[in-house]
1. Packing-wise, with mean Cβ within 10 Å as the measure, how do A:39-48, B:325-334 rank, highest first?
2. Got the relative contact order for chain B handy, in percent, Cα pairs under 8 Å and 6 or more residues apart?
3. Report, to the nearest 10°, how far helix A:171-185 tilts away from the longest principal axis of the Cα atoms in chain A, using its own Cα long axis and a range of 0 to 90°.
4. As an exercise, use a Förster radius of 35 Å and the Cβ-Cβ distance of B:W95 and B:L214 to find the FRET efficiency, rounded to the nearest 0.05.
5. Restricting things to alpha carbons, tell me how big the protein assembly as shown is in terms of Rg and Dmax, in Å.
6. Looking only at A:L13, A:L147, A:L69, which one moves most when chain A is put into a Gaussian network model with springs between Cα atoms under 10 Å?
7. Give me a single rounded figure for B:308-320: the average over its residues of other chain Cβ atoms within 10 Å of their Cβ.
8. Where does each of B:290-300, B:76-86 land if you order them by average Cβ count within 10 Å, highest first?
Amino acid sequence: MTEYVLILVSAVLVNNFVLVQFLGLCPFMGVSNKVETAMGMSLATTFVLTLSSVLAYLTWDWILVPLELEYLRTLSFILVIAVAVQLTEMFVRKASPLLYRVLGVFLPLITSNCAVLGVALLNVRKEDASFLSSLTYGFGAALGFSLVLVLFAAMRERIAVADVPEAFRGPAIGLITAGLMSLAFMGFSGLIRL
Amino acid sequence: MNLISVTSPHTTGPSRTQRVMAQVLLATLPGLAVLCGLFGWGSLINVVWACAAALACEAAVLRLRGKPVGFHLADGSALVTAVLLALAIPPTAPWWLTLVGVGFAIIFAKQLYGGLGMNPFNPAMAGYVLLLISFPVDMTRWLPPFEAPDLATSLQLFLGRDHGIDALTGATPLDSLRTWAGDAAALAAQPALHGTFAGLGWEWVNLAFLAGGLWLLWRRVITWHIPAALLGALALCALPFWLHDSARFASPLFHLFSGAAMFGAFFIATDPVSAATSRTGRLIYAALIGVLIWVIRSFGGYPDAMAFAVLLLNLAAPTIDYYTQPRSYGHSKPKRGIGG
C-alpha cells in the first residue's frame with residue numbers, strides 16, 4: 001500500500017510531468033486560457049492517461065515481451081494511445097458536445113501529448129512494473145498534469161488583465177510563469193526517493 | 001449615516017501605499033537589529049546594497065516602459081522587496097548574489113507582470129528561490145550566532161574575497177536537525193539546537209520578527225488571518241509527530257522559532273497582492289503554507305521551506321480565489337466546476 005502512495009505522490013508532485021520533467025507542454029500552454037476548458041481537458045487527459053498506461057503495460061507484458069519484440073514498444077504504444085484517444089473523443093462528442101467544441105483540435109491532439117507516451121515508456125522501463133503500479137503511475141501522472149493545468153489556467157486568467165509589457169503578452173509571459181511555477185515545484189525535490 | 005460635513009479646503013493624506021510600505025519597513029527594524037547583533041554587519045550591508053540595486057532595476061524598467069519613474073519609485077514597494085530579500089539572504093553573501101536575486105525579483109517577478117499590484121508571485125521569494133537553486137552553497141553559508149565578525153571582515157565577504165569563509169560558517173538549527181534527525185544522542189550533542197527555548201540564536205531573530213509583526217497587526221497594516229493560520233497549521237502538524245517520536249521530529253515550539261517562520265508568517269505570506277483575496281481564501285492559503293513548511297522541513301531536500309511554500313501557494317492563490325469567491329448580496333453562490 002505504501003508503495004502505491006509513494007508512486008502517486010512522486011508522480012503528482014516530486015516528478016511532476018509538466019513542471020519537473022517538461023513533458024506535455026503543448027496542451028499546458030494551449031488549453032490554459034480558461035479554467036473551465038482546462039478542467040474539461042484535465043478530465044479527458046486523466047481518462048486517456050490512466051487507460052493508456054494500463055493498456056501499454058498489458059501490451060508490453062502479454063505481447064511484446066513473450067514475442068521478444070521489445071524494440072517495437074514505441075510504435076505499438078502509439079497505436080494503443082490512438083485507440084484510447086479515439087474512444088474518449090467519441091464519448092465526449094456524445095456526452096458533452098459543448099466541451100467537444102471548446103476543446104476542438106486539442107482533444108485528438110492528446111494522441112500526440114508527449115506526457116501520454118512518456119508515461120507508457122517510462123513505466124515499462126521500471127523493473128518492478130506491475131498492473132497496479134502502472135495504473136497508479138498513469139493516474140498519478142494525470143493528476144499532476146491536471147493539477148498544474150488548472151492552477152496555471154486560473155493564474156493566466158488573472159495575468160490576462162494585468163498590465164504586462166507589450167512585448168511579453170500572451171505565450172511569453174505564460175512561459176515565464178510556467179518557469180516560476182517550475183522553480184516553486186523544485187521545493188518538492190528530495191521529498192521521496194524511489 | 002456619517003458623511004464628511006466640513007467645507008473645503010481639504011488636506012489630503014500622503015499616498016496610502018507609501019504609508020503601508022513605510023510601516024512594513026519600520027517593522028523589519030527589530031529583526032534587522034537582532035540579525036546584525038548575532039551575525040555582524042553583513043545583513044545591514046546587504047539591505048543597503050539591495051535597496052540601491054532594486055531602485056536602479058525598477059527605474060530602468062519604468063524608463064523602458066515610458067512610465068513616470070519618480071511616481072512609481074516613491075511608492076516604496078521596490079524597497080520592501082529589496083529589504084525582505086536581503087533579510088533572507090545569509091550575511092556572508094557577496095555583492096553579486098544580492099544583485100542577481102534583486103534583479104530577478106524586480107524585473108522578472110514584478111515588472112514583467114505590470115508592476116505593483118499585478119505580480120502573481122511574491123517577488124522577494126521568487127528571487128530567493130532562484131538564488132537557492134542556482135547557488136546552493138553561497139545561500140547556506142550562515143555564521144554561528146554570537147560570534148559576529150567585525151566590519152572589515154563583513155566588507156571583505158561582501159566584496160567576494162574569500163577569507164577562509166568555510167572556517168567561519170556554522171550549521172543553523174534547521175541544518176543540524178536535518179542532518180541528525182532520528183539520532184537522539186547526536187541531537188543532544190548539537191549546540192545549535194539548544195538555545196534558551198528553541199534553536200540557538202535564531203529564537204531571538206524570530207522573536208524580533210514576531211514583535212515587528214505584532215506591531216504591524218496593531219497598526220492594522222495586516223490582518224490576523226494569515227499569520228495565525230500559518231503558524232497554527234505549522235504547530236498542529238508538528239505536535240502529533242513530535243509526541244510520537246521526539247528524536248526524529250522537532251517540537252512545535254522549535255518549528256515556530258526556527259528559520260524564517262515568524263519572518264515569513266508576518267512579512268512574506270501577508271503580501272496582499274500574491275495572497276488569496278477573501279478571508280476564507282486567506283485562511284486556506286496560509287494553513288496550506290504552514291503544512292507545506294512542515295512537510296518539506298521534515299521530509300524534503302531543503303532545511304527550510306518558507307520560500308518554496310509561499311511560491312507554491314502563490315501559484316494556487318487564483319484557484320483558491322476561484323473556489324472561495326464570496327456570495328454577493330442578492331445573488332446565489334456562483335456555480336463552479338469540479339467540487340464547486
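Since every read-out is calculated from the coordinates, none of them should be taken as a lab result. Fair warning: this is a prediction, and the values are worked out from it, not measured in the lab. Note: ideal-geometry Cβ built from the backbone for every residue, glycine included; neighbour counts use all protein chains shown.
1. A:39-48, B:325-334
2. 17 percent
3. Long axis of A:171-185 versus the principal axis of chain A: about 60 degrees.
4. Efficiency, rounded to the nearest 0.05: 0.55.
5. Cα radius of gyration and Dmax of the protein assembly as shown are 25.4, 94 Å respectively.
6. Checking each option, the largest mean-square fluctuation is seen for A:L69.
7. Mean partner shielding for this stretch: 6.
8. Ranking, from highest mean packing down: B:76-86, B:290-300.
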